[in-house]
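K.L.:
Have a look at this one.
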Amino acid sequence: MEEIYSKLTQYEKKSNWTTRFGAIYRLYLSKLWAVLVKDTKTWIFNALMILPIVAGPIIALATSRTLSYDVFFSTYSDIMFVGYFGLIIPLFTMYIASMMFNDETNDRTLTYLTTRPIHRFELIIVKYLSFLTIVPIFTAVTTGLVYLSFGIFGGFQHWQAALWYFLAALIASIVYGAFFMFLGLLFKNPLWFGLFFVFIWEFVLASFSQTLNNITIAYYIKSLIVYDLHPNDPFKSSPVIFAGNQADSFAFLGNPANAITFSIVLVVIVIVSLTLAWSRLQGDKIKVPYQAGRRPGGWKYYLKEIRSFLITFGILFITLGLVIGPVNGTSKTIRNTSQANLNVQEYPNWDEDATPSLSDMGYAGSITYVFSKDDTITVHATKTNAPSISHQIYTMIIEKEIFDNFVEETQVLWMNYQENYYESYGNGSLYFPNLITSYTTLANEVLGEADDSVLLYLDNTPQSFTFTAPDRGTYYVVSIVTQFSTSESNYFYASISLDITGDVFRIAGYAFGWVLFGVGLAIGGLSIYSLATYSSADEIARYEEQLRLASSNVESSQKSAKNSEEKMEEVPPPTK
Amino acid sequence: MKSYFIETYDLNKWYKEVMALNKLTIKVDRGIVGLLGPNGAGKSTFLNIATAQLRQSSGEIYLEGQEVWNNPGILKNIGFCPEQEKLFEWMTGRKFVRELAQISGIPREAANQAAIEAIELVGLQDAMDRPIKGYSKGMRQRIKLAQALVHDPQILFLDEPLQSTDPIVRRELVTLIQKLGREFGKDILISSHILHEVERVTSNILLVYAGRAIAQGNLSVIRDLMDKFPHTIRIKTPQRKELAQILFDYDYILSIELDHLTDDYMSIRTKKPDEFYQMITKIAIESNIAISEMTSPDANLESVFSYLTRRW
């Protein structure tokens, strides 16, 4: 026995992070493998992941393979967008990730690791790393399998969509993994809350409300999926968008988050989940367990207690501060896109007594903007259909009053025309050239009064100009027809998109960003202060001093009691 | 070097309304110390706090003069054999000990050899390549001890290390713990709710009751008090009738009761439990009776403790 034990004492021990990380990593990897493959309960979820594979063959066979490739793969995109990213990936990662710490804290096997020289934050990191090694690849590969089932029947068209979903599945399971790992530490039985979160929170909120979906993770994942890689090209968009499918309606009606927002939100969710998981594993509470001022060490001790929170909020505030402040700077471009439908026609089809609107008259489309002083506006404009017409179209920025006057004048023209048209009993079209001539004169006048304008090329090439607002005021951005050939009566579209760069409101946000950054730095500084100043030797000395004082108090009180007894004896008995 | 390795000051721990530790201010001597108290006295809570598994509600605890919580540096010198029976079920015993040895800093190449030696030390080498899933209670107890020893720590915390082991293994483990303490100079805190178990390992005990330390020091005085009370021992054996016949001959056995709910349990009451424990191993070997479990119900000890607390 002694011999064996003395052998054990021979081993040299090196406590560096690579050996620790390697051992825990291998341990957790083998555990995750056991859970994913060998556990029968997990196979319910594995089956759920692989279930959509049957969709491709079923749809192809049910429709006798008569669907066009676009419709066929639009269905594929719907299954991925709503089924996979709305439900299946959250559900699967919820099961795996929330069980990672939960079963160990419940049966207390975590003890075997936490009695070893590892920091608890390292445990979180390594556990998350082992999760990242297997689960995202697993989910991404299953998305590939679903594409394969469609591709066999659809000739492997639209492979960009599959690639896009593959990448999104990686990112989704990375983000959900961190979040659910934290949830698993938060609740004793996280599956119930997880199911609530996935079905009610993530699925219902994200699907049925356009405002509330901002507080779901699915919203940011979906924003990432429909992110447009070619913002200046109206003919290209995210490869998963097919006309009228779920991704399409989300992209145009769901008000998706922009690139900066979703990338930061997703990264912050991961970081904050991990640090909060750490504080949870460490048992930190923001509430002071007992009055900090009344114990030796005082506030220094309290700071030590909440160190993980200090670090969490330090990181959160520094990132948010940097993003709101220095990264976005004092100027941030807002992009705004709209379309004008231009359709000047002979037949006056509005109410006889009513004044015709711009769309009734069809010569212009306008959008109202309020610009602040020194706002810089870059207008991109293009004509988007009817390639062979000889009209002249201008896109211009004009002050509200001038354009309103112009509209009133043209309304008089159009109403007179309508009157003449109906009174001439079938020969109304004779008045049409007259209307166009008088309108064109007015239009060219108002074009002269515009603040800035550009002639749109007939071959649909994009045009642009830049304008700086001289004063705060209301402006119209207008696409207007200035010359019109009555022999061609095509309708056509003019797309306008504006990049507005202003600095009035940005300065407040910029300052707020720096304030957040400062708060973050201060919180981080406090945690470093607590780390640097706390010393156990001081604490022991304080306690020993307390004990010494307490015992000397007892002695002195005993002594005084003795003295008083002695005094009592010395008091002479009262004389009668 | 100080003469104690643990010091606590006003250590409190409460779970909602239940007070598990109540203003515990103690200094635990070096060498082997038995932490003795009935179930629910706060032994496990204390060991969990001392090994940084739990955080105290208030007060301080220092190990070798360093704070325990959130200080992984000191865990290098600690080995902990926890109370719970669950282990990493999907691994084999050898792999389990090997990975834990590596986390404690033994290089990868040496860890396997160290794991085998530690398992040999607790006498489990036959089962070391089987998955832990299939281990019995006693085997689990021994593999837990192996993982606590494998990195040769200076301080050992053993939470009920002898429970649910059979008498022969129990004797081996007692010898092992004694040797570690006496020959290798380890500081060992061993908790138990059975006085006679602890007594065979050490005479220096720390008596805990209702979250308070009520006595610390040599065992002999306390044992005299406790021996005045009959002691109940529950034995599990397939040949309980044969064993009962043998035991009737000893005069310090007060009564023998066969459990009528199960086929293999029996309870005996004795005035001299320490003599009984010495004798029972001999009987088991001589008359070839397999004793698979021996436990001492708590109610018995609790009455003694309440008696002890009443007097002090």
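K.L.:
Roughly how many debye, to the nearest 20, is the charge dipole of the protein assembly as shown about its Cα centre, given +1 on each Lys and Arg Cβ, -1 on each Asp and Glu Cβ, and no other charges?
P.N.:
4800
K.L.:
Let me ask something else about it. Suppose the chain between A:E408 and A:D107 were pulled fully straight at 0.36 nm per residue; how much longer would it get relative to their current alpha carbon spacing?
P.N.:
100.4 nm
K.L.:
How far apart, in nanometres, would the label points at A:A243 and B:M1 be if each is projected 7 angstrom from Cα along the Cα-to-Cβ direction?
P.N.:
It works out to 8.6 nm between the two label points.
K.L.:
While we're looking at this one, here's another question. About the Cα centre of segment B:8-144, how large is the charge dipole given +1 on each Lys and Arg Cβ and -1 on each Asp and Glu Cβ? Please answer in debye to the nearest 20. Don't skip to the end; give the middle numbers.
P.N.:
Numbers: 19 positive and 15 negative charges, 61 e Å.
Computed about the Cα centre, the dipole is about 300 debye.
K.L.:
Using a 1.4 Å probe and ignoring any ligands, DNA or RNA, find the accessible area of A:Y84 and quote it in Å² to the nearest 10.
P.N.:
Near enough 0 Å² of accessible area.
K.L.:
So which of A:K285/B:K16; B:K144/B:K186; B:K27/B:K271 end up more than 22 Å apart by C-alpha?
P.N.:
Violating the 22 Å Cα-Cα cut-off are B:K27/B:K271.
K.L.:
Find the relative contact order for segment A:375-489 and round it to a whole percent, using C-alpha pairs within less than 8 Å whose residues are 6+ positions apart.
P.N.:
Once divided by the residue count of segment A:375-489, the mean separation gives 55 percent.
K.L.:
Contact order normalised by length for chain B, with contacts defined as Cα pairs under 8 Å and 6 or more residues apart; what percent is it? Don't skip to the end; give the middle numbers.
P.N.:
Values: 575 pairs, mean separation 62.3, N = 312.
For chain B, the relative contact order is 20 percent.
K.L.:
In bins 5 Å wide, starting from 0, what share of all Cα pairs of segment A:86-226 does each bin hold, as a percent?
P.N.:
2, 10, 17, 18, 18, 14, 10, 6, 3, 2, 1, 0
K.L.:
Please compute the net charge surrounding B:D251, taking Lys and Arg as +1 and Asp and Glu as -1 over other residues with Cβ under 14 Å from its Cβ.
P.N.:
Around B:D251, the surrounding residues sum to +1.
K.L.:
Check B:R212: other-chain or 5+ apart residues with amide H under 5 Å from its amide H, H built from backbone geometry?
P.N.:
Answer set, sorted by chain and number: B:N22.
K.L.:
Still on this structure, please answer the following. Looking at the square roots a ≥ b ≥ c of the eigenvalues of the Cα gyration tensor of chain B, which shape do they give, rounded for a/c under 1.5, prolate if a/b is larger than b/c, or oblate?
P.N.:
Values: a/c = 1.93, a/b = 1.18, b/c = 1.63.
It is oblate, given that a/c is not under 1.5 and a/b is not larger than b/c.
K.L.:
Among A:N106, A:L186, B:L158, whose Cα projects farthest towards the positive end of the dipole of the protein assembly as shown, with charges put on the beta-carbon of Lys, Arg (+1) and Asp, Glu (-1)?
P.N.:
B:L158
K.L.:
Looking only at other chains, what is the average number of their beta-carbon atoms within 10 angstrom of each beta-carbon in B:43-55?
P.N.:
Values: counts 0, 0, 0, 0, 0, 3, 0, 0, 3, 4, 5, 1, 6.
Whole-number average of other-chain Cβ neighbours for B:43-55 is 2.
K.L.:
While we're on this one: Mind checking the alpha-carbon convex hull of segment B:1-152 and giving the volume per residue in Å³? Each step should come with its number before you reach the end.
P.N.:
Values: hull volume 20.7 nm³, N = 152.
Looking at segment B:1-152, the number lands at 136 Å³ per residue.
K.L.:
In Å and on Cα atoms, what radius of gyration and Dmax does segment B:162-220 show?
P.N.:
In order Rg, Dmax, the Cα atoms of segment B:162-220 give 12.2, 34 Å.
K.L.:
Another one. Treating only the Cβ of Lys, Arg, Asp and Glu as charged (+1, +1, -1, -1), what charge dipole size does segment B:189-287 show about its Cα centre? Round to the nearest 20 debye.
P.N.:
That gives a dipole near 320 debye.
K.L.:
With just the Cα atoms defining each centre, how far is segment A:355-408 from segment A:188-223? Give it in Å.
P.N.:
Segment A:355-408 and segment A:188-223 have Cα centres separated by 41 Å.
K.L.:
Please list 3J(HN,Hα) in residue order for segment A:257-271, calculated via the Karplus relation 6.51 cos²θ - 1.76 cosθ + 1.60 where θ = phi - 60°; whole Hz, with x for glycine and proline.
P.N.:
6, 7, 4, 4, 4, 5, 5, 5, 4, 5, 5, 5, 4, 5, 5
K.L.:
Highest mean first, how do A:275-286, A:453-464, B:175-186, B:87-98 rank when packing is the count of other Cβ atoms within 10 Å averaged over residues?
P.N.:
Numbers: A:275-286: 19.6, A:453-464: 15.0, B:175-186: 16.8, B:87-98: 21.7.
Highest to lowest by the protection proxy: B:87-98, A:275-286, B:175-186, A:453-464.
K.L.:
What are the semi-axes of the equivalent ellipsoid of segment B:77-159, taken as the square roots of 5 times the eigenvalues of the Cα gyration tensor, listed largest first and rounded to whole Å?
P.N.:
In descending order the semi-axes read 18, 15, 11 Å.
K.L.:
Excluding residues fewer than 8 places away in the same chain, name every one of the aspartates and glutamates whose C-alpha is closer than 16 Å to that of B:K133.
P.N.:
A:D39, A:D103, A:E104, A:D107, B:E85, B:E89
K.L.:
Another question about this same structure. With unit charges on the beta carbon (Lys/Arg positive, Asp/Glu negative), name the residue among A:S273, A:W43, B:N48 whose Cα is farthest towards the positive pole of the charge dipole of the protein assembly as shown.
P.N.:
Working it through, the farthest residue towards the positive pole turns out to be B:N48.
K.L.:
Pairs of Cα atoms under 8 Å, at least six residues apart: use those to get the relative contact order of chain A, whole percent.
P.N.:
16
K.L.:
Continuing with the same structure: Mind ranking B:E17, B:E109, A:E545 by accessible surface for me, highest first, 1.4 Å probe?
P.N.:
My answer, sorted largest first, is B:E17, B:E109, A:E545.
K.L.:
Would you compute, from DSSP H runs of 4+ residues alone, the mean residue ellipticity of the protein assembly as shown at 222 nm, taking -39500 (n - 2.57) per run and dividing by the full residue count, rounded to the nearest 500?
P.N.:
Dividing the helical sum by the residues of the protein assembly as shown leaves -15500 deg cm²/dmol.
K.L.:
Still on this model: For segment A:388-483, what is Rg from Cα atoms divided by 2.2 N^0.38 Å, rounded to two decimals?
P.N.:
Against the empirical 2.2 N^0.38 Å value, I get 1.27 for segment A:388-483.
K.L.:
Let me ask something else about it. Counting only the heavy atoms of the protein chains, how much of A:I4 is accessible to a 1.4 Å probe, in Å² to the nearest 10?
P.N.:
For A:I4, solvent-accessible area is about 30 Å².
K.L.:
Using protein chains only and a probe of 1.4 angstrom, how many square angstrom of B:D259 are accessible, to the nearest 10?
P.N.:
It works out to around 40 Å².
K.L.:
So what are the ³J(HN,Hα) numbers for segment B:163-170, from phi and the Karplus equation (6.51, -1.76, 1.60; θ = phi - 60°), rounded to whole Hz, Gly and Pro as x?
P.N.:
For segment B:163-170, the Karplus-derived couplings read 5, 6, 10, 7, x, 6, 4, 4 Hz, x marking Gly and Pro.
K.L.:
Local charge sum around A:T216 (other residues, Cβ-Cβ under 14 Å, Lys/Arg +1, Asp/Glu -1)?
P.N.:
So the environment of A:T216 carries a net charge of 0.
K.L.:
How far apart, in nm, are the 7 Å Cα→Cβ label points at A:F465 and A:T378?
P.N.:
Those two pseudo-labels are separated by 1.7 nm.
K.L.:
Here's something else I'd like to know. Starting from the 7 Å offset along Cα-to-Cβ, what nm value, one decimal, do you get for the label separation of A:E445 and B:E183?
P.N.:
The answer from the label model is 11.6 nm.
K.L.:
Using 1/(1 + (r/R0)^6) with R0 = 56 angstrom and r between the beta carbons of B:E85 and A:A511, what's the FRET efficiency to the nearest 0.05? List each step's numbers first, then the result.
P.N.:
Numbers: r = 59 Å, r/R0 = 1.06.
For R0 = 56 Å, the calculated efficiency reads 0.40.
K.L.:
Nearest 0.05, what FRET efficiency do A:L87 and A:W192 give at R0 = 25 Å with Cβ-Cβ as r?
P.N.:
Working from the Cβ atoms, E equals 0.90.
K.L.:
For segment B:1-81, what does the convex hull of the Cα positions come to per residue, in cubic angstrom? Numbers along the way, then the final one.
P.N.:
Details: hull volume 8.1 nm³, N = 81.
Per-residue hull volume (Cα only) is 100 Å³.
K.L.:
Set the Förster radius R0 to 22 Å, insert the Cβ-Cβ distance between A:T40 and B:K133 as r into 1/(1 + (r/R0)^6), and round the FRET efficiency to 0.05.
P.N.:
Efficiency computed from Cβ-Cβ geometry: 0.95.
K.L.:
In whole Å, largest first, what are the principal axis extents of the Cα atoms in chain A?
P.N.:
140, 79, 52
K.L.:
Rg to Rh ratio, segment A:1-129, alpha-carbon atoms and Kirkwood radius?
P.N.:
Reported Rg/Rh (Cα atoms, Kirkwood Rh): 1.23.
The values are calculated or read from the model by the stated rules, or taken from the named source; none is laboratory data. Remember, predicted model here, so these are calculated numbers, not experimental data. Glycine gets a Cβ as well: all are built from the backbone with ideal geometry, and neighbour counts include every protein chain shown. Accessible surface is based on the protein model in full, side chains and every heavy atom, while ligands, DNA and RNA are left aside. Shrake-Rupley method; radii C 1.70, N 1.55, O 1.52, S 1.80 Å.
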